[in-house]
Structure formats: C-alpha cells, structure tokens
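**Q** Below you'll find the structure I mean.
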Amino acid sequence: MADQGEQFGNRHIRGIYREGMYEGKRPSFPTSYEDLRAAAWEEMDGNARAYVHGGAGSEETFERNKDFSAWRIAPRMLQGVAERDLTVDLYGRTHEFPLMITPLGVQSLLHDEAELGTARACAELEVPFILSSLSSHTMEDVAEALGNVPKWFQFYWSNDRDVAESFLDRAEEAGYDAIVVTVDAPTLGFRERLIERGYYPFLEGEGVANYVADPAFRESLDVPPEEDMQAAVDHFLEIFGDASLTWEDLAFVHDHTDLPVIIKGILRPEDARLAIDHGADGISVSNHGGRQVDGSLSAIEALPAVVDEVDGEVPVFFDSGIRRGADVFKALAIGADTVFLGRPFAYGLAYDGARGVEAVLRNILADFDLTMGLAGCDSTAKIDRSTLKHESELGP
Ligand code: FNR
C-alpha cells in the first residue's frame, strides 16, 4: 500500500511541522485553496484560466456551490479514533479513499503532463480516477499510467453510434471499472469567460485524443487525422454530443457494456428515480461545477433530497464545490458514498504537474482524515446524518 493508512492526516502534518521546526523548510506548495488558485493562476495563460474557472452566466451557481456552511459538523468526543479506516467499497473494489478525481477535460491546457500527470499522482497515492471522454491522452495510455488504481471512464455520447459503441468497448478493454454517463451537458452552457475570448479549445484540436485514435471515428474520415487534423476536428464537432437524448436512450449504454453505469449530473429526486428505473448503478449529484445552468440549485442543496429518494438502492456520488476536508465530510454525512474532486486538483496540475496534483491530494485527504477523527468517526462508514446539523435545526 502507498503512503496511506489509519493516520494519514497525522503523518502528513507531523512531517510538515518537523521540516519546518528542525530544518527551517516551509512547504513549497500552497496549503489553502485560495492561495493555490492564485499561484496556479500565475502559471496559466488567459485561455486556460477562462477554461477552468468557466462558470455559466453570472457565475452565481459557481459561487454558491462552495457554500456548505448551512451544514455544521457536530463532533462527538472520546470515540477511540486512533486508527481510522478511510476506505470505501464500490462495485466489488475497495477504494483507499472516499474521494476520486472528477472527469475534467483537456488537461493539456493546464500542464504538459496533462492526464498522465494526474494519473501518476493518483497511482502514487492510490486515489481513484475518472477520465473524461475529452482527454488529451487516450483512455488506453491513461489506464496504463494508473496501473491497478480503480478507474472509471466518463462517457460523452457521440451522435455517431458506432463511435459511441467503440468508446464503450475500448473502455472495458482498457480495464476501466465503471462508465460515468454525464447527462447535464446536452449542449454547452453560456460561459461568459470563454465567449468573451472567443475561445473553445476543441477547435484547435485539444482534448480529442480519444476520437482521433478511435477506429470507428477514423473510418468515417476521408483522410487520417495525421494528414488533415482540421478535417478531423470538424468531424468531431459534428458528432460530439446529442441533445435529442431521452431516458430511453440509456438502454444503448447498458446494451453495450457490462460495466456498472453511473449517471452524473442529477439535481432532482425525480431524475434520480428515473435513472434507477432505467438501470443506473449509481447516481452522481453534480451541477458540473456551475458551468451549465446559472442560477440553478447548488449541488449541496440538491444532495439531501436525492439521497432520500435513492434510499441506499445504489451508491450516490457528489461533486461541485469540494475544496476542503470538511466539505468531503459533510457530503458523506448527508449520504454520498464518495466525492469527486475538481478544480483543486486542476489548479495543482497547473501549478506543478503530477507533483502539484499529489500535493493537493495529500492536503485534502489529510484534512479530511483529521476532520473525520476529530468529529468522532473512526471509519467512513460511521459518517452519517447524526454527525451533522442543518442550521434550520439549530435552536435560537
Ligand atoms: C469539468 N467537468 C466535466 N465533467 C464531465 O463529466 N466531463 C468533462 O469533460 C468535464 N470537463 C470539465 C472541465 C473543467 C475545466 C471543469 C472545471 C469541469 C465537470 C467536473 O467533472 C465536475 O462536475 C466539476 O469540476 C465540479 O465542480 P468543482 O468542484 O470543480 O467546482
């Protein structure tokens, strides 16, 4: 096992304090999310900043996503928390942590190492990874970099069914453990930061590695992408996405994969029910990091009703707004089985490639581990609704 264990958090901060006090060394990596974002910002060009920040419209939802303060952790004392179990079991595999890297496209915009850098950090720490369809390296290469770490593939539907089917086949063949179908992006949101720059990375051939390597995609081109990349990009734009999809279309995914299928982007209990009725093996509560519907519910506001509706029938996942260990704890306490980490790892990658992602993961996992212990829980299984109070439950 990598550098993980019952006292992950203690080891991490003890090491930092020792280096600081005995060797006069400060951590070279920013600790707070706000400092990290500012440091990463310095390393990024205007297009990359606009792409990662990229909330829809006024960014009201993007901003509100980060506000978990209506939920307060209610710690219990003297619970015997010297040994803490951070693992969680999902679809027949044990994940070392209740946190995964969220699918986040076009990581080449952030750092030359792109998804391979993120994957190497995950392999080092045994943090499970979800690869976007829109990656800068192929799903096969990323799977290899991840080794035996749990890996899921996020599936964006092509309106060319042969390409869609080929993606599902390749993911299974490459060793991915689950398919994540993102349903909140039938089309792109109105992202003012990208629009004002007239910038859309796919038009310059970024983030299309899975397509240009795909046999079905290549078959539909007159000349191979190596000879005419612009034609390949134009074809990608023609087939990418399908806004005509309905719940019935999920049968296509189930018909073409034996892997568990998780539906990502659910905000309403009615949709969670429909997803389960259409065979979902997991529900992911997310608003795509505020990039799609400006003014929508924040993900943390949406989570309780979805958890109540799902009622343990399938695992529930959560993302959009996770910045610190306490956020992870709160999402798990409301009923998520695992959370997906987004912008913090993206800024770690932008700041220092694989090393930056590893540093972000070490900090947030240590923060979570310590929060869990201090709240009186010696395992993720003990983190339940009794460990939280909503502000509406607090007396005068
Ligand atoms: C995303 N997200 C995303 N989701 C997805 O299913 N496929 C994708 O390709 C992408 N690409 C992507 C790019 C960038 C730059 C961002 C910031 C986000 C959404 C992502 O998986 C997740 O839902 C959000 O990142 C969660 O919000 P926070 O916590 O990052 O603010």
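The values are calculated or read from the model by the stated rules, or taken from the named source; none is laboratory data. The structure displayed is predicted, hence computed values, not measured ones. So basically every Cβ, Gly included, is an ideal-geometry build from the backbone, and we count neighbours across all protein chains shown. Protein only, heavy atoms only, side chains kept; ligands, DNA and RNA dropped before computing areas. Shrake-Rupley method; radii C 1.70, N 1.55, O 1.52, S 1.80 Å.
**Q** Of the accessible area of the chain, with the probe set at 1.4 angstrom, what percent is carbon plus sulfur?
**A** On the way: 7940 of 16760 Å².
On the chain, the fraction of accessible area on carbon and sulfur atoms equals 47 percent.
**Q** Then there's this: Net charge near Asp160: determine it from the other residues with C-beta under 13 Å of the C-beta of Asp160, scoring Lys and Arg +1 and Asp and Glu -1. Could the numbers behind the result be given before it?
**A** Working: positive: Arg161, Arg218; negative: Asp162, Glu165, Asp214, Glu219, Glu238, Asp242.
Counting the neighbours of Asp160, the net charge comes to -4.
**Q** Would you work out the relative contact order for the chain, in percent, from Cα pairs under 8 angstrom that are 6 or more residues apart? Please report the intermediate quantities before stating the final value.
**A** On the way: 776 pairs, mean separation 104.4, N = 396.
About 26 percent, as a whole number.
**Q** If you don't mind, there's one more thing I want to ask. Quick one: how many Å² of Thr338 are accessible to a 1.4 Å probe, rounded to 10?
**A** 0
**Q** Moving on. With θ set to phi - 60°, apply the Karplus curve 6.51 cos²θ - 1.76 cosθ + 1.60 along the stretch 42-55 and write out the HN-Hα couplings as whole Hz, x wherever there is a Gly or Pro.
**A** Rounded to whole hertz, the list is 5, 8, 9, 8, x, 5, 5, 4, 5, 5, 6, 5, x, x.
**Q** With every protein chain present, what is the per residue accessible area of the chain (1.4 Å probe, Å²)? Spell out each step's value before the answer.
**A** Values: 16760 Å² over 396 residues.
Value returned for the chain: 42 Å² of accessible area per residue.
**Q** Compute, for the stretch 35-125, the length of the dipole vector about the Cα centre, with Cβ point charges of +1 (Lys, Arg) and -1 (Asp, Glu) only. Units Debye, rounded to 20. Kindly include the intermediate steps, with their values, before the conclusion.
**A** Values: 9 positive and 16 negative charges, 95 e Å.
So the magnitude is around 460 debye.
**Q** Could you size up the charge dipole of the stretch 1-155 around its Cα centre, putting +1 on the beta carbon of Lys and Arg and -1 on that of Asp and Glu, and report it in debye to the nearest 20?
**A** 640
**Q** Along the charge dipole of the chain, pointing to its positive end and built from +1/-1 on Cβ of Lys, Arg, Asp and Glu, which listed residue (Ser286, Tyr199, Gly175) has its Cα farthest out?
**A** The listed residue farthest towards the positive side: Ser286.
**Q** Can you send over the solvent-accessible area of Thr187, 1.4 Å probe, protein chains only, in Å² to the nearest 10?
**A** 90
**Q** On to the next question. Which residue, Ser286, Ser296, Ser135, tops the fluctuation ranking in a GNM of the chain built on C-alpha contacts under 10 Å?
**A** Ser296
**Q** Quote the charge dipole size of the stretch 162-273 about the Cα centre in Debye, to the nearest 20; the model charges only the Cβ of Lys and Arg (+1) and of Asp and Glu (-1).
**A** Details: 8 positive and 26 negative charges, 137 e Å.
Roughly 660 debye for the stretch 162-273.
**Q** Pairs to check: Lys151/Lys389; Lys151/Lys264; Lys66/Lys151; Lys264/Lys389; Lys264/Lys330; Lys66/Lys330. Give those whose C-alpha atoms are more than 23 Å from each other in this structure.
**A** Working: Lys151/Lys389 34 Å; Lys151/Lys264 16 Å; Lys66/Lys151 26 Å; Lys264/Lys389 27 Å; Lys264/Lys330 19 Å; Lys66/Lys330 12 Å.
Over 23 Å apart, Cα to Cα: Lys151/Lys389; Lys66/Lys151; Lys264/Lys389.
**Q** Long-range amide H contacts for Ile101: which residues qualify at under 5 Å (H placed 1.01 Å from N, peptide plane, sequence gap of 5 or more or a different chain)?
**A** Answer set, sorted by chain and number: Phe129, Ile130, Leu341.
**Q** Here is a further query. I'd like the accessible area for Arg385: 1.4 Å probe, protein heavy atoms, all chains in place, Å² to the nearest 10.
**A** 100
**Q** What do you get for the angle between helix 299-310 and the principal long axis of the chain? Use alpha-carbon atoms, 0 to 90 degrees, nearest ten.
**A** 90
**Q** What share of the DSSP beta bridges in the chain is antiparallel, in percent to the nearest 5? Write out the running numbers ahead of the final one.
**A** Values: 7 of 32 bridges.
Of those bridges, close to 20 percent are antiparallel.
**Q** Something else: Using a 1.4 angstrom probe with every protein chain in place, what is the largest-first accessible-area order of Val88, Val180?
**A** Details: Val88 20, Val180 0 Å².
Result, largest first: Val88, Val180.
**Q** Another one. For the chain, what is the mean residue ellipticity at 222 nm derived from helices alone (per DSSP H run of n ≥ 4: -39500 (n - 2.57); sum divided by total residues; nearest 500 deg cm²/dmol)?
**A** On the way: 16 runs with 169 residues, N = 396.
When only DSSP H runs of four or more count, the value is -13000 deg cm²/dmol.
**Q** Give me, ordered by chain and number, the residues 5 or more places off Phe317 or on other chains with an amide H under 5 Å from its own placed amide H.
**A** Here Ile283, Ser284, Val285, Asp337 satisfy the definition.
**Q** If I build a Gaussian network model for the chain, linking alpha-carbon pairs within less than 10 angstrom, which residue out of Gly117, Gly290, Gly57 has the largest mean-square fluctuation?
**A** Its mean-square fluctuation being the largest, the pick is Gly57.
**Q** In whole Hz, what ³J(HN,Hα) sequence does the stretch 350-356 give by Karplus (6.51, -1.76, 1.60; θ = phi - 60°), x for Gly and Pro?
**A** Rounded to whole hertz, the list is 4, 6, 7, x, 4, 4, x.
**Q** Please list Ile13, Ile262 in order of solvent-accessible area, largest first, computed with a 1.4 Å probe with all protein chains present. Spell out each step's value before the answer.
**A** On the way: Ile13 60, Ile262 0 Å².
Accessible-area ranking of Ile13, Ile262, largest first: Ile13, Ile262.
**Q** In whole Hz, with x marking every Gly and Pro, tabulate ³J(HN,Hα) for the stretch 95-100 from phi via Karplus 6.51 cos²θ - 1.76 cosθ + 1.60, θ = phi - 60°.
**A** Computed from phi, the couplings for the stretch 95-100 are 8, 5, 9, x, 8, 10 Hz.
**Q** Just want the answer: with Cβ charges of +1 for Lys and Arg and -1 for Asp and Glu, which residue in Pro269, Leu297, Ala346 is farthest toward the dipole's positive end in the stretch 251-396?
**A** Towards the positive end, the residue furthest out is Ala346.
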